[in-house]
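The block underneath contains the structure these notes are about, expressed in structure tokens.
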Amino acid sequence: MLDTRMPLLSVNDLQAWYGESHILHGVNFDIFPGEVVTLLGRNGAGKTTTLKSIMGIVGQRTGSVRFDNQELIGKTSDKIARAGIAFCPEERGIFASLNVEENLLLPPQIRSGGLSLEQIFTLFPNLKERLGSSQGTKLSGGEQQMLAIGRILRTGARLLLLDEPTEGLAPVIIQQIGKTIKTLKAQGFTILLVEQNFRFASTVADRYYIMEHGKVVERFENSELDAKTETLHEYLGV
Amino acid sequence: MFEIFGIPSQALFGQLLLGLINGSFYALLSLGLAVIFGMLNIINFTHGAQYMMGAFVAWFLLQHFGLGYWWSLVIVPIVVGFTGVVVERLFLQRLYKLDHLYGLLLTFGLALIIQGVFRNYFGSSGLPYQMPQSLTGGQNLGFMFLPNYRVWVIVFSLTICLTTWFVIERTRLGANLRAATENPTLVRAFGINVPRMITLTYGFGVGLAALAGVMAAPIYNVNPLMGADLIIVVFAVVVIGGMGSIMGAIVTGFTLGIVEGLTKVFFPEASNTVIFVIMAIVLLIRPAGLFGRTA
Ligand SMILES: Nc1ncnc2c1ncn2[C@@H]1O[C@H](COP(=O)(O)OP(=O)(O)OP(=O)(O)O)[C@@H](O)[C@H]1O
Ligand SMILES: [Mg+2]
């Protein structure tokens, strides 16, 4: 299928290193505006490293990451964030020395069009109740995840990178996060989602890329899901 | 005149006041060290030299531009803080990825160079600095004489310390600083210019040292080695309070000043060592310091 639209994010021959170890060996994929795209792959395949390379927080990277017609390779991570990308890390990155409100307000607004606090509290009512809580890290795992997602929605970033937002969470909370992703998509956000939980991913994603050994080895649309079940099992071992 | 524990009140309150004065300087200087350490992970051994530079720049402004004490309180921290910014940009930022030890060695070497240069030009006998006219004199409280300038030093230092604490612990800017201390990579990935924040933090910490230097100028002689002597005690204060704790630095600074003063009254022989004895005990019992968080 030939796409005539311009991708919002276009990753080409992306390679990355942690010190001496060569982790990404030429990653290629595109994301179009308004899409939810999922990176799948086993532990250690390089999914997190891909997100970090886009964000500019791995030691060394080469290749091309084009976003909104700008080349991001070689830019520092603060410039990349200001170009309009927001990152929700796998370990959530809630700050222990900040209270809940300070955690929520930490990422600066980089442009207009972000969600208001009211809208964020509509998505995550728990956060509003916990606003006075003294330490961000005293929240439950689920609440911390909501805080980690909630705080990047204010910034006005158009592309959200979410690294395994459902990891280790209870089914009700996973459902709530699924609902949130659909709402965000409806509001025009573009989302790159890293997931191990394929069942969850299949409820929200438009397209999938499978990674193995630091490369993208397979790509398919949500409509091809049934036909690709075999392949998926092979790669993911589920 | 009355006595407390057989000590004349005059002597007791006199030493208490001196202790509070010293405590004001300990607090201001260890606060600067704590702010710098929190953000840069560097133990700033140049701190004493930067305090001395503060006193000298104040002296210089008065001597050559006729700008007095009050002007110096504003101008000197900015000027000396700016030299800190230059040092951070030129040298320190290259060391963050290395062991603590390199920052310590660099700042220590820098302190020796700065002190050497000043001694070369000004000798080591010291230069006098006039107390501002409006703060000369004092109050006779009956049980003791209270010099106005010393009251000013204590009140002003406490104000600066508490304001700094407030900004760091209670404002948006402070939240950014605390977050960047905890996880600079992530904070930067949110679009905050962390390297610039680090540079300005160092400049601010150095500015605090210089401010203390201006306040010290009318009390102590302006002298190239004035910081070298003081900073040894301040490092002990920082070790006792715990590296990186803002309130810890302030409380420990004032408390140890008072403890030192009281020791002078009750057991004068130990007054020069009491802080180091406390440091040794604290290191044995709570290696992270009284207010320090164990990493
Ligand atoms: N900081 C690091 N230093 C060195 N090697 C690293 C570092 N982080 C990750 N790696 C290695 O890079 C490879 C890819 O890791 P990455 O975290 O990107 O995998 P992942 O696909 O996100 O896995 P998971 O599903 O477990 O999160 C792994 O082999 C990992 O051991
Ligand atoms: Mg990962």
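Odds and ends about this structure:
- Residues that are buried (at least 20 other Cβ atoms within 10 Å of the Cβ) and in a helix (DSSP H, G or I) occur in segment B:217-227; there is at least one.
This table checks each residue for (1) within 16 Å of ligand 2 (Cβ to nearest atom); (2) out of contact with any helix residue (DSSP H, G or I) (no Cβ under 6 Å at 6 or more places or on another chain); (3) under 24 Å from A:Ile181 (Cα atoms); (4) within 14 Å of another protein chain (Cβ to nearest Cβ).
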position: A:Leu9; (1), (2), (3), (4): no, yes, yes, no
position: A:Tyr18; (1), (2), (3), (4): yes, yes, no, yes
position: A:His22; (1), (2), (3), (4): no, yes, no, no
position: A:Gly26; (1), (2), (3), (4): no, yes, no, no
position: A:Asp30; (1), (2), (3), (4): no, yes, yes, no
position: A:Arg42; (1), (2), (3), (4): yes, yes, yes, no
position: A:Thr62; (1), (2), (3), (4): no, yes, no, no
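- Qualifying strands (runs of 3 or more DSSP E) (wholly inside segment A:190-238; at least 3 residues being away from ligand 2 (no atom under 14 Å from the Cβ)): A:207-212, A:215-221
- No other residue among B:Leu20, B:Leu16, B:Leu28 is surrounded by 24 or more Cβ atoms within 10 Å (Cβ to Cβ), modelled with pLDDT of 90 or more, touching a Gly at 6+ places or on another chain (Cβ under 9 Å) and part of a helix (DSSP H, G or I) apart from B:Leu28.
- Leading residue by the ranking (nearest to ligand 2 (Cβ to nearest atom)) among those in segment A:125-181 that are within 14 Å of chain B (Cβ to nearest Cβ) and among the hydroxyl-bearing types (Ser, Thr, Tyr): A:Thr137
- Unmet criterion (only one of (1) within 16 Å of A:Thr155 (Cβ to Cβ); (2) within 10 Å of chain B (Cβ to nearest Cβ)) for A:Gln119: (2)
- Filter result for B:Ala111 (more than 21 Å from the chain's Cα centre (by Cα) and assigned to a helix (DSSP H, G or I)): no
- Candidate set from segment A:84-98 (those that are surrounded by fewer than 18 Cβ atoms within 10 Å (Cβ to Cβ) and in contact (Cβ under 8 Å) with a residue 24 or more places away in the chain); member that is farthest from the other protein chains (Cβ to nearest Cβ): A:Glu90
- Residue within segment A:51-60 that is surrounded by fewer than 21 Cβ atoms within 10 Å (Cβ to Cβ) and in contact with a Pro (Cβ under 8 Å, 6 or more places away or on another chain) present: no
- When segment A:90-118 is filtered for residues that are in a helix (DSSP H, G or I) and under 20 Å from the mean Cα position of the chain (by Cα), the ones remaining, listed by number, are A:Asn103, A:Leu104, A:Leu105.
- Under the condition of being touching a residue at least 24 places away in the same chain (Cβ under 8 Å) and surrounded by fewer than 14 Cβ atoms within 10 Å (Cβ to Cβ), the residues counted in segment B:124-140 number 4.
- Total residues in segment B:161-197, condition in a loop (DSSP other than H, G, I, E, B) and more than 9 Å from chain A (Cβ to nearest Cβ): 1
The values are calculated or read from the model by the stated rules, or taken from the named source; none is laboratory data. Remember, predicted model here, so these are calculated numbers, not experimental data. Every residue, glycine among them, receives a Cβ derived from its backbone with ideal geometry; neighbour counts consider all protein chains shown.
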